[in-house]
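Q: Structure incoming, see below.
The values are calculated or read from the model by the stated rules, or taken from the named source; none is laboratory data. Everything numeric in this text was worked out from a predicted model, so none of it was measured. Quick reminder, even Gly has a Cβ in these numbers, built from the backbone with ideal geometry, and neighbours come from all protein chains shown.
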Amino acid sequence: MWSKLKSWVARGLPESETWIAMSRAWFWCGALVLSAFAITLISTSGTIYGLLGAVIIWGMIVLIVIGAWLALLFINKLSAFALFSVLLLLVAFYVPLLGADPLSIVLVLGVIWLFISLLASGVHRLSKRGVNTFGIVLCVLGSVPLLVIIVAFFMTGWSSGKPVNWPPIAAAQSTSKNPGLPGDYSVSRLNYGSGVDSQRELYAAGVNWRSESVSAERLLDGWEGPAGWTRTAYWGFDASALPVQGRVWLPGGDGPFPIVLMVHGNHEMEDFSDTGYDYLGEHIASHGVIAVSVDENFLNSSIADLVGGPEAGLEEESDARAWLLLQHLNQWRGWNRDSMHPMYGKVDLDRVVLIGHSRGGEAVSEAVVFNRLSHYPDDALETFDFDFGIKGVIAIAPVDHQYHPRDRDTSMVDVNYLVIHGSHDSDVTSYSGAATYARLRFDQCEDCFKAGFYLVNANHGQFNSSWGRYDRGMPFAKFLNTQPLMDPENQRTVARILVTGFIRAVVFDEPEYRRFIARPETGHQWFPQGTSYLSNYRDAGQIVLADYEEDADVTTGSKPWVRVIGTDLGEWKEAEVALKWRDLDSAAVLVGWTADEDRSPGYEVQFADAPIRLAPAMTLSFGMALAKDGVKGSEDFSVPDSLDIRLEIVDAAERSAVINLASRRVLYPQVNPVLFKLEMMDSDPASEVVFQRYTFALREWLAVNPDLDIATLTRLKLRFPTDIPAKVWLDDVAISPDGY
């Protein structure tokens with residue numbers, strides 16, 4: 001038996017000719033992948049920039065071919081093994097753009113390399129020795145797995161585990177008009193720009209109004225050298241003369257109208273992104289608001305930046321994106337004051353809303369900061385004179401922390417804010433806008449608010465109709481698991497509803513839509529069937545009892561008259577909340593308990609001497625999320641499929657009433673999206689903490705116990721189940737006098 005095994009292994013070892021056959025297979029497979037990538041660049045861009053990128057890649061192939069040929073001449077044939085392996089490593093050079101863990105890359109490529117080797121070896125044996133068992137076995141072992149990989153590559157993907165289809169939070173439905181339906185205004189379309197755009201007719205001969213270009217030389221780095229030269233050659237201008245141009249939707253009538261600027265994020269600059277918000281622009285304008293989709297494609301990246309080296313291209317251009325937005329408002333201010341211009345007196349620049357997607361989502365928050373400054377923080381020789389009435393900011397799948405003046409994150413003050421993010425975002429895979437939300441504070445604005453909306457099964461690109469279903473460019477897009485994604489039109493319908501509801505709340509002061517933004521469940525009937533989401537909200541009028549930001553003492557609250565107590569807990573601490581990419585920039589309390597019928601785990605927020613008079617119409621709210629691990633030291637723990645909690649309030653006479661969390665919605669585990677067909681290719685954590693805000697009117701407890709004295713409430717008790725071990729995050733325990 002042993003001798004037969006040794007003979008079989010010996011027969012499987014490749015001969016020198018087999019090594020050459022396998023090397024050729026590695027070479028042609030690697031060359032095919034790189035060529036497909038290069039062809040994709042040309043087909044998607046159709047420009048000299050795409051061609052330059054392709055030339056760079058094909059140049060790599062030529063250099064490797066020459067190197068292999070020289071090795072075969074001057075060294076020996078087996079050296080081709082190492083050189084052709086380098087070719088596959090060059091393919092791996094592009095794969096990390098997927099954001100995968102390097103070890104996963106090596107493993108995946110190693111498996112593919114093995115199957116190609118088996119198939120090539122088998123084919124060689126069959127061609128040299130005729131039909132033989134060993135050759136057939138090698139061919140089958142190599143071809144079948146490769147066929148499976150190829151089929152999987154072209155599949156959309158697959159779901160993993162139970163699909164998330166949570167019921168909405170229970171709430172009385174709004175009787176207001178669905179903001180996702182068209183408004184009452186007629187809409188006209190036009191363009192403005194430099195009038196000399198070399199790439200787009202609509203901004204050249206197609207402009208209705210000409211605008212003045214602006215110099216961004218003090219704000220932009222990287223528009224120089226070979227990459228800068230090719231960028232200038234493509235666009236026909238450089239950083240000293242950036243065009244101010246956009247697509248406009250005008251409501252019919254005399255105005256003056258509020259104005260909304262929408263700005264895209266980073267994408268292939270040859271695939272123009274500003275056209276992807278037409279669905280929003282026309283809809284917003286039908287509600288009586290001027291809508292503008294701003295063109296900043298010339299600030300986007302391109303593969304042809306590689307002509308300047310791996311690090312070439314624009315650097316930290318996020319602040320320039322923000323500044324350019326304000327330059328657009330400057331242009332509108334000039335037209336609004338020009339008695340000879342068609343827009344004279346028709347624009348209300350005290351009612352401005354900025355909407356940004358992806359990098360544009362960070363740019364709009366930076367624009368709010370720049371709007372109130374007199375000088376550019378990174379170069380005070382650049383002076384600002386903006387001071388527009390920016391009432392609101394909407395960030396769609398925004399990045400965060402790309403611009404940090406004085407090595408600090410951008411923090412907005414006194415502005416209304418809405419962040420929308422998709423759980424299946426394969427580009428900005430972390431809920432980064434939640435950190436921007438956390439840093440936003442209200443110093444003087446007494447009616448400002450901030451809201452977060454986490455849309456389950458939404459991706460990054462479908463918020464822009466021209467970006468689409470894939471959050472990565474080809475061929476990397478084929479590694480994405482797109483099967484669980486929302487229908488594209490449904491995702492954009494949700495965006496229409498939220499964006500328009502926010503605008504009507506902010507610029508038209510319509511309280512019914514502010515209530516909807518605060519509690520989206522009140523408008524759940526407006527959303528497409530099956531829409532699932534998590535939402536959060538906080539406003540300047542809330543009386544915050546505990547947001548866990550004040551000190552290191554776990555027994556203190558956010559007010560001097562608030563104390564907190566934990567009982568029979570297995571774990572209790574206040575900590576920074578971690579997202580996939582970084583911390584949330586906010587702390588919360590983490591409490592956990594074990595299953596023990598003899599204990600009564602709970603957490604109390606006490607406010608016995610509150611200097612406020614509580615009333616039944618007021619609401620008590622908090623944010624909560626289920627942690628993904630158990631109490632320290634617990635064994636065989638699994639996150640429960642759902643969790644209910646008893647909420648008890650007590651008055652000064654020790655009368656109490658209990659409402660269950662399930663009267664709104666039970667607590668579900670963290671959303672655990674499968675973004676890639678191979679989960680191992682996602683180097684980020686599988687899930688992250690996303691808070692769901694729960695809101696209860698005090699009258700609801702009064703209905704349970706009519707003897708309860710709402711005016712003298714002393715504490716809120718959270719009573720945890722004794723039969724289910726779990727751990728939860730709790731944040732922003734607050735009372736809302738206005739009922740939101």
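Q: In the stretch 634-667, what residues are over 19 Å from residue 704 (Cβ atoms), touching a residue at least 12 places away in the same chain (Cβ under 8 Å) and over 30 Å from the mean Cα position of the chain (by Cα)?
A: Within the stretch 634-667, 634, 637 meet the criteria.
Q: Within the stretch 606-626, track down each residue that is under 12 Å from residue 543 (Cβ atoms) and either part of a strand (DSSP E or B) or among the basic types (Lys, Arg) (or both).
A: Hits for the stretch 606-626 are 613, 619, 620, 621.
Q: Something else about it: Just to be sure, is residue 658 at pLDDT 95 or above, surrounded by 19 or more Cβ atoms within 10 Å (Cβ to Cβ) and either over 30 Å from residue 155 (Cβ atoms) or among the β-branched types (Val, Ile, Thr) (or both)?
A: Spelling it out, it is not the case that residue 658 is at pLDDT 95 or above, surrounded by 19 or more Cβ atoms within 10 Å (Cβ to Cβ) and either over 30 Å from residue 155 (Cβ atoms) or among the β-branched types (Val, Ile, Thr) (or both).
Q: So in the stretch 164-176, with the set limited to residues that are surrounded by 12 or more Cβ atoms within 10 Å (Cβ to Cβ) and within 29 Å of the chain's Cα centre (by Cα), which one is modelled with the lowest pLDDT?
A: The extreme case among them is 164.
Q: Any idea how many residues of the stretch 184-199 are in contact (Cβ under 8 Å) with a residue 24 or more places away in the chain, surrounded by 14 or more Cβ atoms within 10 Å (Cβ to Cβ) and assigned to a loop (DSSP other than H, G, I, E, B)?
A: Total satisfying the criteria: 5.
Q: Under the condition of being within 16 Å of residue 260 (Cα to Cα) and of a type in the set (D, E, K, R), which residue from the stretch 334-361 is surrounded by the most Cβ atoms within 10 Å (Cβ to Cβ)?
A: Going through the qualifying residues, I end up with 351.
Q: Which of the residues that make up the stretch 214-235 are assigned to a loop (DSSP other than H, G, I, E, B), touching a strand residue (DSSP E or B) at 6+ places or on another chain (Cβ under 6 Å) and modelled with pLDDT of 90 or more?
A: The one that is assigned to a loop (DSSP other than H, G, I, E, B), touching a strand residue (DSSP E or B) at 6+ places or on another chain (Cβ under 6 Å) and modelled with pLDDT of 90 or more: 216.
Q: Is it true that some residue in the stretch 278-298 is assigned by TED's automatic domain parsing to the domain that holds residue 388 and closer than 18 Å to residue 401 by Cα?
A: Scanning the stretch 278-298, I find no residue that is assigned by TED's automatic domain parsing to the domain that holds residue 388 and closer than 18 Å to residue 401 by Cα, so the answer is no.
Q: A further question on this structure: Counting only residues that are in a loop (DSSP other than H, G, I, E, B) and among the hydrophobic types (A, V, I, L, M, F, W, C), how many does the stretch 383-438 have?
A: 8
Q: Another question, then. Only one of (1) in a loop (DSSP other than H, G, I, E, B); (2) within 34 Å of the chain's Cα centre (by Cα); (3) in the same structural domain as residue 623 (by TED's automatic domain parsing) is not met by residue 575, so which one is it?
A: (1)
Q: Here's something else I'd like to know. Of all residues in the stretch 369-411, which are farther than 28 Å from residue 503 by Cα, among the basic types (Lys, Arg) and modelled with pLDDT of 90 or more?
A: Selection gives nothing.
Q: Considering 469, 496, which residue is charged (D, E, K, R), within 27 Å of residue 275 (Cβ to Cβ) and under 16 Å from the mean Cα position of the chain (by Cα)?
A: Exactly one of 469, 496 is charged (D, E, K, R), within 27 Å of residue 275 (Cβ to Cβ) and under 16 Å from the mean Cα position of the chain (by Cα), namely 469.
Q: Still on this structure: Taking the stretch 686-707 on its own, how many of its residues are assigned to a loop (DSSP other than H, G, I, E, B) and in contact with a strand residue (DSSP E or B) (Cβ under 8 Å, 6 or more places away or on another chain)?
A: Total satisfying the criteria: 5.
Q: Among (1) surrounded by 13 or more Cβ atoms within 10 Å (Cβ to Cβ); (2) within 20 Å of residue 548 (Cα to Cα); (3) modelled with pLDDT under 85, which single condition is residue 604 missing?
A: For residue 604, the failing item is (3).
Q: For the stretch 524-543, does any single residue satisfy the condition of being assigned to a helix (DSSP H, G or I), crowded, with 23+ Cβ neighbours inside 10 Å and either within 24 Å of the chain's Cα centre (by Cα) or of a type in the set (Lys, Arg) (or both)?
A: Yes, because at least one residue in the stretch 524-543 is assigned to a helix (DSSP H, G or I), crowded, with 23+ Cβ neighbours inside 10 Å and either within 24 Å of the chain's Cα centre (by Cα) or of a type in the set (Lys, Arg) (or both).
Q: Sticking with this one: Quick check on the stretch 313-321. Is at least one of its residues loosely packed, with under 15 Cβ neighbours inside 10 Å and within 23 Å of residue 297 (Cα to Cα)?
A: Yes; the residues of the stretch 313-321 include at least one that is loosely packed, with under 15 Cβ neighbours inside 10 Å and within 23 Å of residue 297 (Cα to Cα).
Q: Something else about it: Could you please let me know if residue 711 is among the hydrophobic types (A, V, I, L, M, F, W, C) and more than 18 Å from the chain's Cα centre (by Cα)?
A: Yes, satisfied.
Q: Specify the residue that is nearest to residue 396 (Cα to Cα); the eligible residues are those in the stretch 441-466 that are more than 15 Å from the chain's Cα centre (by Cα) and without any contact (Cβ under 8 Å) to a residue 60 or more places away in the chain.
A: Once the filter is applied, the top-ranked residue is 441.
Q: Just one of 181, 202, 138 is assigned to a helix (DSSP H, G or I) and not assigned by TED's automatic domain parsing to the domain that holds residue 500; which is it?
A: 138
Q: May I ask you to verify whether residue 653 is modelled with pLDDT under 95, of a type in the set (Gly, Ala, Ser) and in the same structural domain as residue 567 (by TED's automatic domain parsing)?
A: yes
Q: A further question follows. Tally the residues that are polar (S, T, N, Q) and surrounded by fewer than 23 Cβ atoms within 10 Å (Cβ to Cβ), restricting the search to the stretch 438-464.
A: 1
Q: Right, another one. Out of everything in the stretch 708-729 that is part of a strand (DSSP E or B) and among the hydrophobic types (A, V, I, L, M, F, W, C), what residue ends up being surrounded by the most Cβ atoms within 10 Å (Cβ to Cβ)?
A: Result: 726.
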